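Note sheet for the following structure.
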Amino acid sequence: MRQSTLLKKFDITINEDWSFAESRSVEHFTHGYHRYPAKFIPQIVKKLIEKYTVKGDKIVDVFAGCGTTLVESKLHGRRSEGVDINPVAELITRTKIAAIEPEILISEFEALKHQFDSYDSNQIYIADNHPRIDYWFEQSQKNKIAYLYQIILNNECLTQKDFFLCALSNILKNCSKWLQTSTKPQIDPKKPIRDPFDALVFQISRMLKKNEEFFNELKAHNNLNTPCIIKLADARKTGIRANSADAIITSPPYVTSYEYADIHQLTGYWYDYIQDLPEFRRNFIGTFYSNNKDVEMEIPLAKEIVQALLPISKKSAGEVANYFRDMLAVISEMRRILKPNGVVCIVVGNTTMKNVKIQSAEVFAQMLYIQGLHVEEVIKRKIPFKLIPTIRDEKTGKFTTLTSENKKLVYPEEFIIIARKPLLN
Ligand SMILES: C[S@@+](CC[C@H](N)C(=O)[O-])C[C@H]1O[C@@H](n2cnc3c(N)ncnc32)[C@H](O)[C@@H]1O
């Protein structure tokens, strides 16, 4: 296939079957445990699993995020394995894929609540904390969170520590000074801050219901023991066995928009995942902080985009070049992992940066082609407005809120690229 024919595959109308605008919930089962920016809507993954895999197949996600692909794989009786570079993503996913006997969790929650009464506001429960914790939290909230963290870690009755740590992680934003409506690290001096004890009880109660729903569904279909693994690893070098996946279902990070390392810094500081934020950010793909100056590109369309950006902003050109270079390494790794005849489904949106169109979807298709994978189908889908923040700030180029005066619509639609590894290598 010629490259120009390949690019024509993107010149299509929206397929309404993939919009899921009428879907009632994206938070069912354990999907709703924890907020996570740009997570999949589970309905897309479900439809891809049903279309491209059969029971017993193995599905991989190399950008597992909060584990949507893994949860759906388990629900469908498909084995699965995921990696993510973000330890917060690993914790959330590990918790979401572990269906626990509901009675166990209920009694452990009771044991935990008993210890709430022993909290003494005159006692200091945290001495040697990361200095950024003081920046984000009021003293009273900080002390209560420190107490809750300690009783989760030290209570010997708790066998399901991940479950309670995941719950605590999800309330940190509400209990901090972080502007509630923003993913950007920004203080809201007027924020009504939640009480950590109340917030945790509410959060755990929600999660208990979701765990029960997930557990019962898996049990009813005999899928409780379907293998499902999450690991902390780099998508460019996953350690997943070669030729082992029947399907890869994934959505890469967008280019310089969500800074996952920064977004998850509250959990990162409390759980000792972060000592030094710049160092922690280093291996995240798509970051604004890349400082790359090498703009040589081997993929034709990537080269055009980077060349168009160069006279406008050397920094942006370097970031985009770095992103595409990293993504080429990921696509090569995906090819290695796939079985012959295995399929990869990549969900990706295009965007603009400094008024230059960044056609990531088309660039990925060229990369798949260059890696010897055959692009079978391209689906264009509308993103229901309520599900994903689709607004960029015109000045900073970062995602922003609907109310911002510099807002500019991005990602109103996205593509699902389906490509197959040939039978013969
Ligand atoms: C768009 S999100 C994936 C969301 C996921 N589909 C879900 O439903 O939660 C992209 C993910 O890529 C991860 N990531 C960024 N750089 C990475 C790298 N080098 N290796 C693996 N994961 C990486 C981020 O931590 C983030 O979780």
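The values are calculated or read from the model by the stated rules, or taken from the named source; none is laboratory data. Given the structure is predicted, the values throughout are model-derived calculations rather than measurements. Every residue, glycine among them, receives a Cβ derived from its backbone with ideal geometry; neighbour counts consider all protein chains shown.
Worth a mention:
- The residue of segment 40-77 that is nearest to the ligand (Cβ to nearest atom), among those that are among the basic types (Lys, Arg) and buried (at least 20 other Cβ atoms within 10 Å of the Cβ), is LYS74.
- Considered as a group, the residues in segment 306-329 that are in contact (Cβ under 8 Å) with a residue 60 or more places away in the chain, in contact with a strand residue (DSSP E or B) (Cβ under 9 Å, 6 or more places away or on another chain) and hydrophobic (A, V, I, L, M, F, W, C) include one that is nearest to ALA365 (Cα to Cα), and that residue is ALA329.
- Residue, surrounded by the fewest Cβ atoms within 10 Å (Cβ to Cβ), within segment 314-347, restricted to residues that are within 17 Å of ARG420 (Cβ to Cβ) and small (Gly, Ala, Ser): SER332
- Condition check for ILE145: buried (at least 22 other Cβ atoms within 10 Å of the Cβ), of a type in the set (Val, Ile, Thr) and under 22 Å from TYR260 (Cα atoms): no
- Residue list for segment 344-383, filter: assigned to a strand (DSSP E or B), closer than 30 Å to ASN243 by Cβ and over 20 Å from the mean Cα position of the chain (by Cα): HIS374, VAL375, GLU376, GLU377, VAL378, ILE379
- Qualifying residue in segment 272-284 (condition: under 30 Å from SER182 (Cβ atoms), in a loop (DSSP other than H, G, I, E, B) and basic (Lys, Arg)): yes
- Complete set of residues in segment 269-314 that are under 22 Å from LEU368 (Cα atoms) and among the hydrophobic types (A, V, I, L, M, F, W, C): PHE284, ILE285, VAL295, MET297, ILE299, LEU301, ALA302, ILE305, VAL306
- For segment 83-99, a residue qualifies if it is more than 9 Å from the ligand (Cβ to nearest atom), crowded, with 20+ Cβ neighbours inside 10 Å and not in a helix (DSSP H, G or I), and exactly one does: ALA99.
- Residues that are among the small types (Gly, Ala, Ser) and surrounded by 10 or more Cβ atoms within 10 Å (Cβ to Cβ), drawn from segment 4-24: SER19, ALA21, SER23
- In segment 221-253, residue nearest to the ligand (Cβ to nearest atom) [restricted to those that are assigned to a loop (DSSP other than H, G, I, E, B), of a type in the set (A, V, I, L, M, F, W, C) and under 25 Å from ARG282 (Cα atoms)]: ALA235
- Qualifying positions in segment 226-268 - modelled with pLDDT of 95 or more, among the hydrophobic types (A, V, I, L, M, F, W, C) and crowded, with 19+ Cβ neighbours inside 10 Å: CYS228, ILE230, ALA235, ILE240, ALA245, ALA247, ILE248, ILE249, LEU266
- Residues satisfying the criterion are absent from segment 192-207 (criterion: within 16 Å of the ligand (Cβ to nearest atom) and modelled with pLDDT of 95 or more).
- In summary, ILE106 fulfils each of the numbered conditions (1) near the ligand (Cβ under 9 Å from one of its atoms); (2) at pLDDT 95 or above; (3) surrounded by fewer than 24 Cβ atoms within 10 Å (Cβ to Cβ) with the single exception of condition (1).
- Residues of segment 192-216 that are surrounded by 17 or more Cβ atoms within 10 Å (Cβ to Cβ) and not in a helix (DSSP H, G or I): ILE193, ARG194.
So that you can scan it fast, the table gives a plain yes or no per residue for (1) within 27 Å of the chain's Cα centre (by Cα); (2) surrounded by 14 or more Cβ atoms within 10 Å (Cβ to Cβ):
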residue	(1), (2)
PRO131	yes, no
SER140	no, no
GLU156	no, no
ASP162	yes, yes
SER176	yes, yes
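- Single condition TYR289 does not satisfy, out of (1) touching a Phe, Trp or Tyr at 6+ places or on another chain (Cβ under 9 Å); (2) over 29 Å from LYS421 (Cβ atoms); (3) among the hydroxyl-bearing types (Ser, Thr, Tyr); (4) within 16 Å of the ligand (Cβ to nearest atom): (1)
- Selection status of SER25, within 16 Å of the ligand (Cβ to nearest atom), assigned to a loop (DSSP other than H, G, I, E, B) and without any contact (Cβ under 8 Å) to a residue 24 or more places away in the chain: yes
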